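The values are calculated or read from the model by the stated rules, or taken from the named source; none is laboratory data. Here the structure is a predicted model, which means the values were calculated and not measured. Cβ atoms come from the backbone with ideal geometry, glycine included; neighbour counts cover every protein chain shown. For the accessible areas, the whole protein counts, side chains as well, though only heavy atoms, and no ligand, DNA or RNA atoms are used. Shrake-Rupley method; radii C 1.70, N 1.55, O 1.52, S 1.80 Å.
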Amino acid sequence: MRRAVAATLVAFAVLTAAAEAAAPRVTVRRTAHGIPHITAKTFTGLAYGYAQALAQDNVCVLADTYTTVRGERSKFFGPDAGYSFRGNGTTANNLDSDFFFRKIIAQGTIEKLVAQPPPLGPVPAIKQAVRGYVRGYNDWLRKTGVDNIPDPACRGEDYVRPIKVIDAYRRFYQLALLASAGVAIDGIGGAAPAVDVRSARATQKTELDNMDPGRFDELLGGIGSNAIALGKQGTRSQNGMLLGNPHFPWDGSERFYQAHLTIPGKVDVQGGSLMGVPLILIGNTRTMAWSHTVSTARRFTPYQVTLAPGDQHAYLVDGKVEPMTPTEVSVDVKDEDAPRTRTLYDTRWGPMLTSILGLPIFPWTPTSAFALGDANAANFRYLNHFFFTNQAKSVKQLDGIERKYLGIPWVNTIASDSRGKAYYADIGSVPNVSNAKIAECSVALGMATDKALRVQVLDGARSTCAYDNDPDAVTEGVFGPSNLPSLFRDDYVTNGNDSYWLSNPEEPLEGFSRVIGDERTVRTPRTRLGLRIVQERLDGTDGLKGKRFTLRQLQDAAFNNRQYLGELWRDELVGLCEANGPAAACPILAGWNVRDDLDSTGALLFRRFASRAFTNPASSALPAAPSPFREPFDVEDPVNTPRGLNTESPAVRNALGQAVSDLEGAGIPLDAPLRDFQYEKRGDEKIPIHGGPGGVGVFNAINVVFDPKAGYTNVPHGSSYVQAVELPRRRCARVRTILTYSQSTSPESRWFADQTRMFSRKRWVKMPFCPGQLARAKILSRQDFGGGALGGRARDPRPKR
């Protein structure tokens, strides 16, 4: 196999060597921490330089990802292994995943999307950029050689191969589906009629009986984010400011990569992008900064189909039989001579499926089955969205881009600009299912999943249950912008992964479909703390001078590590402890500083207490446990309620003793400082990491998982590409960033752990962005492609700050 790959690379080198002199003209300069500043005259060149830098730092992650979207994991890694799609918290079986992606390939889905004219298909400049990106990646691989890759994880491996243009688009499509079909890769790739129908139905009932509210979001792995946009009434300078803090994976293909992209006179943007996307997804231009948080909008709806009598591959719509559309798919398997084949099926509603997020609640029986309606199944509009966002100058322009393309596949937008305007929106690709349609079309299963998961299951036996169409929508089947929430403010907007409702409590957003989110319901502790941080600063009640934010104060807010449930409960918990024990825990909790800083003692103990207090083994046979809060939620005071500790609850009274046992079982002293047991391991180095789980109300969410024997292991996800940006009207943007896990995934890279150590010390990168800043920055390396240099030491004509 390795010889075959070597031969392929040799042939590839012969074909491309002659064209080397015609490579796009582009300059890549790296400043501190390996951040590439890429300057070109064309989008082709810009993407070429981006691919060169990205491959140098992260080629193994990229090669693994392209193997996935080609449907070749079984060929190289075996059919029985699996992989984590960390962006949505799922783990997929290699063989099921290959069938999932091979079906997409067999049906020509991506080719059809790319062929569409704009606004549905990519604008011409994106197609040029994709060609440049592919060539940049392949040129780097050819020049470096697989046996010389600067990362031992994939050095010399067969699966590291040149890519094609279609491979880049396949990766884009994988990201579009992250929060829709991507949560059902096994359920779609392995969909088949149940062998044991009685067992399948029993499993479905058991799963539904034990389904807690919020279970769907828990299974997504706690992926989330914070963002605060400040308008002129929220800042001391009256400049717009933005704090973006996405909580995303620290490993795998959904890591952010930071870059600065410039085409003089056309584009000047910096920020983070997900692996393989040569566009900035979260960042800033000179006069506008934006971030994203994972939206509550469900981007899919399962449909229950009634099968035709005696035929499990045909179904009824309005009483008429419709055959399912079969697609036979073949997958090559390691160490097997013949490929494995499956026939997968589609309906008018979408592909057949049997599970979502591993939940086997959609059995394919002789009488009924389920298909997945997906608002992102035809969404390459998001590429146009980000292409134009990278050039936007104001939040008004950004709002126009969102409304035109409806392309955002699974996030909210929070932004600010140099005019001092703050902006929130959940405008994107959302299935057009009104509350009236939910009431009319939900099947019995849908009633249960809507209540427990806010996942609607609609009746596929009626054509009237299809997605509706809005006159202001760019395409069919999604809500138009007039039916999606958005807000402009001069003071602030925020989001911490609850719905749109309280982006600013002074102006609640209401009257939208339940598919998008819930309203007038309790907010999570992290959302509430984010709102309190802003309100206390603007009220002047946070102990700092003044009543508006400076950029430094906004940075400090990101990593203040306040523990909101601790603020609400700690004193009452100490009283409960002193009355009932265990005595050893009481002074530790009393002395805790109610933060998750590295030297905080008591933080780990409280964290386990809170987890235990919220444990509710809900079941049809057991009554729901009492709320751990003493005072219930009040819709008239949603930021400050619920509050207080319900010391009469048996779950609360037992939780502290259970927490003590948990820590002792894991070998963690009750008074252990956070730094000793929460860390990121890089080689033999353990880098202590501050912050804590967002579920207990830590704004700097580090969503570590507790192991009963090992305690806390490496950080799976949490604060990632963090940025604080000030946007003066007449001066250069002030940009402060930290990429918590660093730029490179290779242990041999100097950029493997440097920013992780900085994050541990709450330090920030002073990002050189405008020409004058970059001219004064130390250039660590420079590469010029295409026979000429770009990006000289240009002066910034605007006054220095």
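From the square roots a ≥ b ≥ c of the eigenvalues of the alpha-carbon gyration tensor of the range 60-179, which class results: rounded (a/c under 1.5), prolate (a/b over b/c), or oblate? Let's see the in-between values first.
Values: a/c = 2.07, a/b = 1.15, b/c = 1.80.
Oblate.
Can you pull the one-decimal nm distance between simple spin-label points at Gln116 and Phe633, each 7 Å off the Cα toward Cβ?
It is 3.6 nm.
May I ask you to derive the relative contact order of the range 511-638, considering only C-alpha pairs under 8 Å and at least 6 residues apart, and to give it as an integer percent?
In percent, rounded to a whole number, it is 22.
Relative contact order of the chain, please, whole-number percent, based on alpha carbon pairs below 8 angstrom and at least 6 residues apart. Provide the component values of the computation, followed by the final result.
Values: 1851 pairs, mean separation 129.3, N = 801.
That works out to 16 percent.
Which aspartates and glutamates have a Cα lying under 15 Å from the Cα of Lys164, excluding residues fewer than 8 positions away in the same chain?
Partners within reach: Asp64, Glu72, Glu111, Asp139.
Determine the distance separating the Cα centre of the range 507-557 from the Cα centre of the range 403-418; give it in Å without decimals.
19
Quick one: with all protein chains in place, what share of the accessible area of the chain is carbon or sulfur, to the nearest percent (1.4 Å probe)? Walk me through the intermediate numbers first.
On the way: 14990 of 29510 Å².
Heavy-atom surface of the chain belonging to carbon and sulfur, 1.4 Å probe: 51 percent.
Which shape class, rounded, prolate or oblate, goes with the range 224-304 when its Cα gyration tensor gives a ≥ b ≥ c as root eigenvalues, a/c under 1.5 marks rounded, and past that a/b bigger than b/c marks prolate? It would help to have the intermediate numbers written out before the result.
Values: a/c = 2.07, a/b = 1.30, b/c = 1.59.
Oblate is the answer for the range 224-304, as a/c is 1.5 or above yet b/c matches or exceeds a/b.
Pulled fully out, how much extra length does the chain show between Ser463 and Asn714, if you take 0.36 nm times their separation in residues and subtract their Cα-Cα distance? Working shown, then result.
Numbers: separation 251, 0.36 × 251 = 90.36 nm, distance 4.90 nm.
Here the segment from Ser463 to Asn714 would lengthen by 85.5 nm.
Please sort by residue number the chymotrypsin sites (Phe, Trp or Tyr not before Pro) in the range 560-613 whose DSSP state is loop and whose Cβ has at most 15 other Cβ atoms within 10 Å. Don't skip to the end; give the middle numbers.
Values: sites: Tyr564, Trp569, Trp592, Phe606, Phe609; in loops: Trp592.
Here no chymotrypsin sites (Phe, Trp or Tyr not before Pro) fit, given the DSSP loop and packing criteria.
What value, in deg cm²/dmol to 500, does the helix sum -39500 (n - 2.57) over DSSP H runs of n ≥ 4 give at 222 nm once divided by the residues of the chain? Don't jump to the answer; show the numbers that get you there.
Working: 22 runs with 248 residues, N = 801.
So the helix-based figure for the chain works out to -9500 deg cm²/dmol.
Could you pull out every one of the lysines with an alpha carbon less than 17 Å from that of Lys232, ignoring same-chain neighbours closer than 8 positions?
Within the straight-line limit of under 17 Å, Lys232 reaches these lysines: Lys393, Lys396, Lys421, Lys547.
Taking every pair of Cα atoms in the chain, average 1/r, invert it to obtain the Kirkwood radius, and report Rg/Rh to two decimals.
0.96
Taking the Cα of Ala439, stepping 7 Å toward and past its beta carbon, and measuring to each backbone N in the range 492-528: which are under 20 Å?
Of the residues in the range 492-528, 510-521 have backbone N under 20 Å from the label point off Ala439.
In the range 498-595, which GluC sites (Glu not before Pro) fall in coil by DSSP and have 15 or fewer other Cβ atoms within 10 Å? Don't jump to the answer; show the numbers that get you there.
Numbers: sites: Glu506, Glu510, Glu519, Glu536, Glu567, Glu572, Glu578; in loops: Glu506, Glu510, Glu519.
When the GluC sites (Glu not before Pro) of the range 498-595 are filtered for loop state and at most 15 Cβ neighbours within 10 Å, Glu506, Glu510 remain.
What number, in percent, do you get for the relative contact order of the range 419-569 if the mean sequence gap of Cα pairs under 8 Å and at least 6 apart is divided by its residue count? Don't jump to the answer; show the numbers that get you there.
Values: 178 pairs, mean separation 32.9, N = 151.
Answer for the range 419-569 is 22 percent.
For Thr91 and Ala106 in one chain, what is 0.36 nm times their gap in residues minus the Cα-Cα distance, to one decimal in nm?
Working: separation 15, 0.36 × 15 = 5.40 nm, distance 2.35 nm.
Taking Thr91 through Ala106 to full extension adds about 3.1 nm, to one decimal.
Using just the alpha carbons, could you tell me how many Å³ per residue the convex hull of the range 632-741 encloses? Let's see the in-between values first.
Details: hull volume 17.8 nm³, N = 110.
Looking at the range 632-741, the number lands at 162 Å³ per residue.
At 7 Å along Cα-to-Cβ for each site, give me the label-to-label distance between Lys143 and Lys320 in nm.
The answer from the label model is 6.0 nm.
Which entries of Lys266/Lys766; Lys686/Lys766; Lys545/Lys766; Lys451/Lys762 have Cα-Cα distances beyond 31 Å here?
On the way: Lys266/Lys766 24 Å; Lys686/Lys766 25 Å; Lys545/Lys766 24 Å; Lys451/Lys762 41 Å.
Result: Lys451/Lys762 exceed 31 Å.
Would you check the accessible area of Leu645, probe 1.4 Å, heavy atoms only, in square angstrom rounded to 10?
Spelled out: Leu645, probe radius 1.4 Å, area about 0 Å².
Report Thr541's accessible area, 1.4 Å probe, all protein chains in place, as a number in Å² to the nearest 10.
Accessible area of Thr541: about 90 Å².
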